[in-house]
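Enquirer: I have a structure I would like to understand better, so I am pasting it below and will then ask my questions one at a time.
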Amino acid sequence: MKSFLEEYGLVVVAAIIIGLFISFASPFGNSIKTYITSTVDNFAASSQSAITGSMGGETGNANGN
């Protein structure tokens with residue numbers, strides 16, 4: 001079973017990636033692309049605010065200044 005998953009797991013991952021490439025080329029690709037990029041942008045903004053300590057409208061920096 002392990003060798004089966006090793007062999008065909010790669011095929012499944014490749015099929016998912018190819019499916020994403022196809023979806024970007026299809027008419028629905030623009031809406032999917034917009035959703036994915038907005039999700040990534042929100043994640044990046046959340047991580048940046050967590051790093052700088054500015055989440056939730058806090059003032060000052062992470063050192064309490």
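Enquirer: Among the residues of segment 1-21, write down those that are open to solvent by 100 Å² or more (accessible area, probe 1.4 Å), assigned to a helix (DSSP H, G or I) and modelled with pLDDT under 80.
Expert: Scanning segment 1-21 gives 2, 4, 5, 6, 7, 8.
Enquirer: Could you list, in sequence order, all residues of segment 27-55 that are modelled with pLDDT under 85 and among the polar types (S, T, N, Q)?
Expert: Filtering segment 27-55 down to residues modelled with pLDDT under 85 leaves 27-33, 47-55.
Across segment 27-55, the qualifying residues are 30, 31, 47, 48, 49, 52, 54.
The values are calculated or read from the model by the stated rules, or taken from the named source; none is laboratory data. Remember, predicted model here, so these are calculated numbers, not experimental data. Note: areas computed on protein heavy atoms with side chains; ligands, DNA, RNA excluded. Shrake-Rupley method; radii C 1.70, N 1.55, O 1.52, S 1.80 Å.
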